[in-house]
Amino acid sequence: MLSAQERAHVAQVWDLIAGHEAPFGAELLLRLFTVYPSTKTYFQRPGTCLDEERLRSHGRRMLAAVGVAVQHLDDLRAALSPLAHLHAHVLRVDPADFPLLIQCFQVVLASHLQGEFTVEMQAAWDKFLSAVAAVLTEKYR
């Protein structure tokens, strides 16, 4: 899946954001909901709004899952199987939303890491996140 150099780039970027999962995740969700409002339906119950604490909480959980994926590059399927089942069978998230999330995640990374987020890192993260999305959508079949 990923070359040794791509793995190194994924790990290097993760090292830069590890420990900051909540703010990165909250910004990712806010960007996703702003640019693609239809994705908000999975996170909002009738009569409630998404406040900053809920965004930070869910963002933290999302990025924690990315951290698990980073640690299990050799077996993403096993590492993410419970999440794949949850998203496909319980939450019924539209699989078309995952590429939108990937796009927003890369914008957040680029805006925060700026010059540290090189073209090679972006390409490695695109490949990595696409693999994560593929695993998360396998249970839909």
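Please find, among V93, V108, the residue that is in contact (Cβ under 8 Å) with a residue 60 or more places away in the chain and either assigned to a helix (DSSP H, G or I) or buried (at least 16 other Cβ atoms within 10 Å of the Cβ) (or both).
Among V93, V108, only V108 is in contact (Cβ under 8 Å) with a residue 60 or more places away in the chain and either assigned to a helix (DSSP H, G or I) or buried (at least 16 other Cβ atoms within 10 Å of the Cβ) (or both).
Restricting attention to the range 119-140, which residues are in contact with a helix residue (DSSP H, G or I) (Cβ under 9 Å, 6 or more places away or on another chain) and without any contact (Cβ under 8 Å) to a residue 12 or more places away in the chain? Show your work before the answer.
Of the residues in the range 119-140, the ones in contact with a helix residue (DSSP H, G or I) (Cβ under 9 Å, 6 or more places away or on another chain) are 120-140.
Of everything in the range 119-140, just one residue is in contact with a helix residue (DSSP H, G or I) (Cβ under 9 Å, 6 or more places away or on another chain) and without any contact (Cβ under 8 Å) to a residue 12 or more places away in the chain, namely A134.
Looking for whichever is touching a Phe, Trp or Tyr at 6+ places or on another chain (Cβ under 8 Å), of a type in the set (V, I, T), surrounded by 12 or more Cβ atoms within 10 Å (Cβ to Cβ) and assigned to a helix (DSSP H, G or I) here; the options are V13, V68. Which one fits? Full working, then the answer.
On the way: V68 fails: touching a Phe, Trp or Tyr at 6+ places or on another chain (Cβ under 8 Å).
Selected residue: V13, the only one of V13, V68 that is touching a Phe, Trp or Tyr at 6+ places or on another chain (Cβ under 8 Å), of a type in the set (V, I, T), surrounded by 12 or more Cβ atoms within 10 Å (Cβ to Cβ) and assigned to a helix (DSSP H, G or I).
Say whether the condition of being of a type in the set (D, E, K, R), over 14 Å from I17 (Cα atoms), in contact with a helix residue (DSSP H, G or I) (Cβ under 8 Å, 6 or more places away or on another chain) and surrounded by 16 or more Cβ atoms within 10 Å (Cβ to Cβ) is met by at least one residue in the range 71-84.
First, the residues of the range 71-84 that are of a type in the set (D, E, K, R): 74-75, 77.
Narrowing further to those that are over 14 Å from I17 (Cα atoms): 74-75, 77.
After this cut, where a residue has to be in contact with a helix residue (DSSP H, G or I) (Cβ under 8 Å, 6 or more places away or on another chain) as well, the list is 77.
Next cut, surrounded by 16 or more Cβ atoms within 10 Å (Cβ to Cβ) only: none.
Looking for residues that are of a type in the set (D, E, K, R), over 14 Å from I17 (Cα atoms), in contact with a helix residue (DSSP H, G or I) (Cβ under 8 Å, 6 or more places away or on another chain) and surrounded by 16 or more Cβ atoms within 10 Å (Cβ to Cβ), one finds none in the range 71-84, hence no.
Kindly list, by first and then second residue, each pair from a residue in the range 57-71 that is at pLDDT below 95 to a residue that is of a type in the set (F, W, Y), limited to pairs with Cβ atoms under 8 Å and residues at least 6 apart or on different chains.
Qualifying pairs under 8 Å: H58/F43; G59/F24.
Scan L109, L76, L80, L100 and give me the residue that is within 14 Å of the chain's Cα centre (by Cα) and farther than 28 Å from P37 by Cβ. Steps first, answer last, please.
Values: L109 fails: farther than 28 Å from P37 by Cβ; L80 fails: farther than 28 Å from P37 by Cβ; L100 fails: farther than 28 Å from P37 by Cβ.
Just one listed residue meets the conditions, L76.
The values are calculated or read from the model by the stated rules, or taken from the named source; none is laboratory data. Bear in mind that the values here come from a model prediction, so they are computed numbers and not experimental data. Cβ coordinates were reconstructed from backbone atoms using ideal geometry, including for glycine residues, and neighbour counts include every protein chain displayed.
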